[in-house]
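Q: Quick one: this structure, given as structure tokens, is what I'll be asking you about.
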Amino acid sequence: MSDLSNVRVNGQRLWDSLMEMGKIGGTPKGGCKRLTLTDVDKQGRELFRSWCQTAGLTLKIDEMGNMFARRAGVDDSLPPVILGSHLDTQPTGGKFDGVLGVLGALEVVRSLNDLKIKTRHPIEVANWTNEEGSRFAPAMVSSGVFAGVYTKEFAYSRVDVEGKSLGDELARIGFKGDEPVGGRPVHAYFELHIEQGPILEDEGCDVGIVTHGQGQRWYELKLTGFESHAGSTPMPRRKDALLGAARIVELVNAIGLSKPPLAVSTAGMLIPYPNSRNVIPGEVFMTCEFRHPIDSILSEMDAALHEGVKAICAKIGLTYDLKQVFYYAPVPFDDECVKAVRRAADHFGYKHRDIVAGAGHDACYMARVTPTSMIFTPCVDGVSHNESEDITLEWSTAGANVLLHAALEKAEIVG
Ligand code: HGY
Ligand code: MN
Ligand code: MN
């Protein structure tokens, strides 16, 4: 590669774009609520589309609403290098989770335009639909369809708590494209993302070289007891579904603590019915999830959950329906792509360390269909999925610079 010392991004422009996008669904606490396939998500997509058009990119939208903004390569018949992440957020999300990866990728192509750099392979900036999995489970469902893990029909059939389907909502916001989902060659995939944990900041690193994504198992659980009067039902006669749920929350936490130091477990949603202060809850819908970098330990956690739920429900007299709604095994990223990221970080003299992704990312599915790796930036106090999520301009600039150089190594500079 020719002298790359002056090939770097415009960090201020990236930061300004992050702040601009952050206004769409912005919350009073400084976070972002841009749930997938809502009108606010539509606004964010339209802003992204306008920026891509201004950058001279050709935008294609596939049948899952995934957006691919393409910068032509000198040999445009070659498979693209795709850079991307997601614009959808959690209900109490921040301005950077996912968004940094999409707008960092856009900054890469904006900088290539400024520097009049041509690449042999085309470069595409991607925005994946429904990465978060908050409104429609499972997470990363659209990169999952692209990678052949799910069918389009399965994804369309996912419903939110109001019973609205992913497919209907995608059509409603006008982003159900007609491009086939996946099934096309991709030369490489890189994803820039905030760490969403404390390690990089604690160690004073500028970037993280992501070597693996940890495995996950997500569950939905419906507990059924019997509604009855809070005042006149003797304790031994009760079938209290919320009591069962409370014990299962404790069980989920105990399972996470039983596999130190890397296992994590969370009970995130809990909806009692009828949710009336003087009625013994007859039903509860709840969710829980486990994550670990070693698949066999994830399986042990799964077994402990099934055993514990069975015992808790038997003791209280509840029936239950426990189903796994999401699973993927720990995923190693491509060695050559990881080395390209490390070389890029070294080129800039950034302090870095290898790290395993704690969160799920679209890269975890893209790794099934193309050489893939990720770049992490630190985030303040390691906080994410919280409206106070924050990074610095320096961190976002460093991450985008590394993304730029790793992408150029794969896309190959011409002339
Ligand atoms: O849950 C996750 O790991 C991601 O934020 N969807
Ligand atoms: Mn994310
Ligand atoms: Mn997230």
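Q: When the residues of the range 351-406 are narrowed to those that are of a type in the set (Phe, Trp, Tyr) and within 15 Å of ligand 1 (Cβ to nearest atom), which ends up farthest from the chain's Cα centre (by Cα)?
A: Among those that are of a type in the set (Phe, Trp, Tyr) and within 15 Å of ligand 1 (Cβ to nearest atom), it is Phe376.
Let's see how each residue does on (1) β-branched (Val, Ile, Thr); (2) at pLDDT 95 or above; (3) touching a strand residue (DSSP E or B) at 6+ places or on another chain (Cβ under 9 Å):
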| position | (1), (2), (3) |
| --- | --- |
| Thr211 | yes, yes, yes |
| Ile248 | yes, yes, yes |
| Pro261 | no, no, no |
| Gly268 | no, yes, yes |
| Glu289 | no, yes, yes |
| Asp295 | no, yes, yes |
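Q: Which of the residues that make up the range 290-304 are out of contact with any Leu (no Cβ under 7 Å at 6 or more places or on another chain) and open to solvent by less than 10 Å² (accessible area, probe 1.4 Å)?
A: Of everything in the range 290-304, those that are out of contact with any Leu (no Cβ under 7 Å at 6 or more places or on another chain) and open to solvent by less than 10 Å² (accessible area, probe 1.4 Å) turn out to be Leu298, Met301.
Q: Spot the failing condition for Glu63; the list is (1) away from ligand 2 (no atom under 16 Å from the Cβ); (2) at positive phi, and only one is missed.
A: If we test Glu63 against (1) away from ligand 2 (no atom under 16 Å from the Cβ); (2) at positive phi, just (2) comes out false.
Q: Quick check on my filter: what residues within the range 227-242 are surrounded by fewer than 23 Cβ atoms within 10 Å (Cβ to Cβ) and outside any loop (DSSP other than H, G, I, E, B)?
A: Matches in the range 227-242: Ser228, His229, Met235, Pro236, Arg237, Lys239, Leu242.
Q: Check whether at least one residue in the range 307-320 is within 25 Å of the chain's Cα centre (by Cα) and surrounded by 15 or more Cβ atoms within 10 Å (Cβ to Cβ), and report yes or no.
A: no
Q: Search the range 361-388 for residues being over 29 Å from Val145 (Cα atoms) and buried (at least 23 other Cβ atoms within 10 Å of the Cβ), and hand back the single one that is nearest to ligand 2 (Cβ to nearest atom).
A: Cys379
Q: What pairs can you find where one residue is in the range 76-98 and assigned to a loop (DSSP other than H, G, I, E, B) and of a type in the set (Phe, Trp, Tyr), the other is within 11 Å of ligand 1 (Cβ to nearest atom) and open to solvent by less than 10 Å² (accessible area, probe 1.4 Å), and their Cβ atoms are less than 9 Å apart, with a gap of 6+ or different chains?
A: Phe96/His193; Phe96/Ile194
Q: Which members of the range 187-223 meet the condition of being in contact with a Cys (Cβ under 7 Å, 6 or more places away or on another chain) and part of a loop (DSSP other than H, G, I, E, B)?
A: Glu195, Gln196 - these are the residues of the range 187-223 that are in contact with a Cys (Cβ under 7 Å, 6 or more places away or on another chain) and part of a loop (DSSP other than H, G, I, E, B).
Q: I'm told Ala72 meets every condition in (1) without any contact (Cβ under 8 Å) to a residue 60 or more places away in the chain; (2) of a type in the set (A, V, I, L, M, F, W, C); (3) surrounded by 16 or more Cβ atoms within 10 Å (Cβ to Cβ) except one. Can you identify the failing condition by its number?
A: (3)
Q: Identify, from the list Thr224, Thr266, Thr287, the residue that is of a type outside the set (A, V, I, L, M) and open to solvent by less than 40 Å² (accessible area, probe 1.4 Å).
A: The unique qualifying residue is Thr287.
Q: Let me ask something else about it. Taking the options Arg172, Arg135, Arg184, Arg158, name whichever one is within 16 Å of ligand 1 (Cβ to nearest atom), open to solvent by 50 Å² or more (accessible area, probe 1.4 Å) and either out of contact with any Cys (no Cβ under 6 Å at 6 or more places or on another chain) or not β-branched (Val, Ile, Thr) (or both).
A: That would be Arg158, the only listed residue that is within 16 Å of ligand 1 (Cβ to nearest atom), open to solvent by 50 Å² or more (accessible area, probe 1.4 Å) and either out of contact with any Cys (no Cβ under 6 Å at 6 or more places or on another chain) or not β-branched (Val, Ile, Thr) (or both).
Q: Please specify each residue of the range 248-263 satisfying the condition of being surrounded by 18 or more Cβ atoms within 10 Å (Cβ to Cβ) and farther than 12 Å from Met301 by Cα.
A: Ile248
Q: While we're looking at this one, here's another question. Anything in the range 1-28 that is part of a loop (DSSP other than H, G, I, E, B), touching an Asp or Glu at 6+ places or on another chain (Cβ under 9 Å) and either within 25 Å of Gly174 (Cβ to Cβ) or at pLDDT below 95 (or both)? List them, or say none.
A: Met1, Ile24, Gly25, Thr27
Q: OK, next. Of the residues in the range 65-99, how many are over 10 Å from Glu124 (Cβ atoms) and within 16 Å of ligand 1 (Cβ to nearest atom)?
A: Total meeting the criteria: 16.
Q: Taking Gly144, is it buried (at least 24 other Cβ atoms within 10 Å of the Cβ) and over 30 Å from Pro28 (Cβ atoms)?
A: For Gly144, the condition - buried (at least 24 other Cβ atoms within 10 Å of the Cβ) and over 30 Å from Pro28 (Cβ atoms) - is met.
Q: I've got another one for you. May I ask you to verify whether Thr58 is modelled with pLDDT of 95 or more, open to solvent by 60 Å² or more (accessible area, probe 1.4 Å) and hydroxyl-bearing (Ser, Thr, Tyr)?
A: So Thr58 fits the description; yes.
Q: Go through the range 100-132 and count every residue that is of a type in the set (D, E, K, R), within 16 Å of ligand 1 (Cβ to nearest atom) and either in contact with a helix residue (DSSP H, G or I) (Cβ under 8 Å, 6 or more places away or on another chain) or within 14 Å of Phe190 (Cβ to Cβ) (or both).
A: Final tally of qualifying residues: 1.
Q: Considering only the range 3-45, state which residues are under 26 Å from Leu404 (Cβ atoms), of a type outside the set (Lys, Arg) and surrounded by fewer than 16 Cβ atoms within 10 Å (Cβ to Cβ).
A: Asp3, Ser5, Asn6, Asn10, Gln12, Asp16, Met19, Glu20
Q: Give me the pairs: first residue in the range 128-140 and charged (D, E, K, R), second residue more than 10 Å from ligand 1 (Cβ to nearest atom), beta-carbon distance under 6 Å, and six or more apart or on different chains, which are they?
A: Cβ pairs passing all conditions: Arg135/Leu35; Arg135/Thr36; Arg135/Asp160.
Q: All but one of (1) open to solvent by 10 Å² or more (accessible area, probe 1.4 Å); (2) more than 16 Å from ligand 3 (Cβ to nearest atom) hold for Gly358; which doesn't?
A: The number of the failed condition is (2).
The values are calculated or read from the model by the stated rules, or taken from the named source; none is laboratory data. In this text, all values refer to a predicted model and were calculated from it rather than measured experimentally. Cβ coordinates were reconstructed from backbone atoms using ideal geometry, including for glycine residues, and neighbour counts include every protein chain displayed. Note: areas computed on protein heavy atoms with side chains; ligands, DNA, RNA excluded. Shrake-Rupley method; radii C 1.70, N 1.55, O 1.52, S 1.80 Å.
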